Amino acid sequence: MLKVVRVVVSCMIFGAVTGCTTAKKSTSKESTAPMHSRDEGGPSIDYNALQTYLQLDRDPETLGFTEKSFNTCDAGFGYSRSQNCHKEYFVVLHFRLLCRDSEGTISTVLTESDVTPIAGRPVKWQLKGVAGTTMTDGNGYGQIRTVASSSQNRQRLKLTVGNEFLYMRSNEITKVITPRPWCSQ
């Protein structure tokens, strides 16, 4: 029994040390730190390793939604290899937030010179049953990475910047051009 306790404690220490040595990359396109606890008492998940394992790495400028189901015991990376085995979904959503210098409905086609990236701003997000915060980069690109117990495809996504928010379907969001109030938050 003492040997089992030592192994468990050693694994916990190893996980903590590994989490510290795999520090967050310097890019602001990541939505979470590499080690993230989804809920209190839940597993601490290494999102970087899990994303690579599931072959969901992609260029942040490749906009849109993707997800992949996985068995928690097969994956590891913070999940137990032998207990509470179940299916989860790893979600990656890349988006770009831009704002225009007008309000209301417009009838003209906007070009890159008509919009400004919502850059270096915290973006709160919420999908069915999961939520978090991400940062946009200097060009307004952001990334949401999370795990969920059910598919998030076509679920309602809420993005909030300051006091402004919008709702879209998760599988429809790519580049979003917002009105003037989003620019000045």
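The values are calculated or read from the model by the stated rules, or taken from the named source; none is laboratory data. As the structure is a computational prediction, the values presented were derived from the model and not from experiment. Note that we place each Cβ from the backbone using ideal geometry, even for glycine, and neighbour counts take in every protein chain shown. What goes into the accessible areas is simple: the full protein's heavy atoms, side chains included, and nothing from ligands, DNA or RNA. Shrake-Rupley method; radii C 1.70, N 1.55, O 1.52, S 1.80 Å.
Which one of S149, S102, S69 is open to solvent by 70 Å² or more (accessible area, probe 1.4 Å) and of a type in the set (G, A, S)?
S149
Looking for whichever is loosely packed, with under 15 Cβ neighbours inside 10 Å, in a strand (DSSP E or B), of a type in the set (S, T, N, Q) and modelled with pLDDT of 90 or more here; the options are T62, T133. Which one fits?
Details: T62 fails: in a strand (DSSP E or B).
Residue meeting the stated conditions: T133.
Please go through region 136-173 and give me each residue that is among the polar types (S, T, N, Q) and assigned to a strand (DSSP E or B), ordered by number. Can you show your working first?
So the first thing to find is which residues in region 136-173 are among the polar types (S, T, N, Q), and the list is 136, 139, 143, 146, 149-153, 155, 160, 163, 170-171.
Within region 136-173, Q143, T146, T160 meet the criteria.
Would you please name the residue that is surrounded by the fewest Cβ atoms within 10 Å (Cβ to Cβ), looking only at residues in region 72-86 that are closer than 23 Å to I144 by Cα and small (G, A, S)?
Checked region 72-86; the qualifying residue surrounded by the fewest Cβ atoms within 10 Å (Cβ to Cβ) is G76.
What pairs can you find where one residue is in region 74-85 and modelled with pLDDT under 95, the other is acidic (D, E) and not in a loop (DSSP other than H, G, I, E, B), and their Cβ atoms are less than 7 Å apart, with a gap of 6+ or different chains?
F77/D46; G78/D46
Can you name the condition, by its number, that S31 falls short on among (1) modelled with pLDDT of 90 or more; (2) hydroxyl-bearing (S, T, Y); (3) surrounded by 19 or more Cβ atoms within 10 Å (Cβ to Cβ)?
For S31, the failing item is (1).
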